[in-house]
Amino acid sequence: MFFDRFKNFKSYKTETTPCRIKLSSNENPFDLPQWLKDRIGEAVKNIPFQRYPDPTSMELKEVIADFYGVKPENLVLGNGSDELIQLLTIIIGNPDKPVMYPVPTFPMYQVSADIVGKKKIEFPLDKNFQLSREKIGEALEKKPVLAFFASPNNPTGNSFDRALIKYVADRGVFTVVDEAYIDFSDKEDFLSEALNRKNLVVLRTMSKIGLAGIRLGVLLAKEDVAKEIDKVRPPFNITYPTQVIGRIVLSDGRQVIKEQVEIIKRERKKMLSELSRIEGVQVFPSDANFVLIKVNDGNDLHKRLIEKGILVRNMSHLPYMENCLRVSVGKPEENEIFIEVLKELVK
Ligand code: PMP
């Protein structure tokens, strides 16, 4: 009886089969260099582990603020941006007001709404995975209070039309632009919008640029908006190790991140071009650190790739994603092996 509400609840699905080549979670494939790890090791050794961390994460916030060119007052930090998505779903508007988001997209918006018990307004992207004014108009008629747009979108990889995101915010809906993949995109971001509007915030994450293991997500907003959201944040959600490691990597390791992102972008370009030449594989454009492909039998190819030691993400369970696989950009040698094996398997 206590859990009746969750009888049909679908948990967030992750892909954890151990494999030689892991291209399934859109992580940065490169680890940190040893000199940076040594610096981290030294600092972590000196953490007073019996103490709670700083509940405001102030020193880390100062480094992140500098990283993004904003003020610490513009930030709310989360245990991954997953936590921030859940927090926003809980707090924005009354519980009886619905949440809107396009499909297919990052499943956490749906998962969070289901946990909180908020109604969902799911509206389809068009055949190019782009937002459509018509579908947005229909969604808005149902009076949502909160909208999520992942741009670049996961799992499709494309960026959304800015004007249509603004259109939703202009109708008074609290609009979250989830820019988890923006570091790999050359398109304009929504940061200045977030710093100037009362009903638009941006989400970023350190997970895609090399720090998935420490769980650090960032919300960027106008100062008074950030202050309201920060009020309801769990007090010690950013652990002591995360505060220490984040501070070091985002200050001393900035160049490392920049170089790794450049390699990933170069590799993406190579992958897109090679994939587009393989018969039986349809590849979609990507502004992210992964590419989406469509094949004849997605479930079978996914299984056969695992047999060859390569793990990609099978997207077939999501709406409109039949026979689609999402492949993270890996190290150059991993991408080469993936392409070779794929060519073999789809022959
Ligand atoms: N937003 C999007 C669009 C994502 O794809 C992901 C990760 N898969 C997240 C947010 C969550 O990131 P984090 O690791 O910061 O919780």
Does the stretch 163-182 contain any residue that is part of a loop (DSSP other than H, G, I, E, B), among the polar types (S, T, N, Q) and crowded, with 19+ Cβ neighbours inside 10 Å?
-> no
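Yes/no per residue for (1) out of contact with any helix residue (DSSP H, G or I) (no Cβ under 9 Å at 6 or more places or on another chain); (2) within 16 Å of the ligand (Cβ to nearest atom); (3) within 22 Å of Gly253 (Cα to Cα):
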site	(1), (2), (3)
Ile40	no, no, yes
Pro53	no, no, no
Gly78	no, yes, yes
Asp82	no, yes, no
Of the residues in the stretch 184-214, those that are part of a loop (DSSP other than H, G, I, E, B), within 10 Å of the ligand (Cβ to nearest atom) and crowded, with 23+ Cβ neighbours inside 10 Å number 1
Identify all residues within the stretch 146-162 that are away from the ligand (no atom under 14 Å from the Cβ) and open to solvent by 10 Å² or more (accessible area, probe 1.4 Å); write none if there are none.
-> Asp161, Arg162
Among the listed residues Val232, Val218, Val256, which satisfies the condition of being within 14 Å of the ligand (Cβ to nearest atom), modelled with pLDDT of 95 or more and among the β-branched types (Val, Ile, Thr)?
-> Val218
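The values are calculated or read from the model by the stated rules, or taken from the named source; none is laboratory data. Everything numeric here is computed off the predicted structure, so don't read it as measured data. Don't worry about glycine lacking a Cβ; one is built from the backbone with ideal geometry, like all the others, and counts go over all protein chains shown. Accessible surface areas use protein heavy atoms only, side chains included; no ligands, DNA or RNA. Shrake-Rupley method; radii C 1.70, N 1.55, O 1.52, S 1.80 Å.
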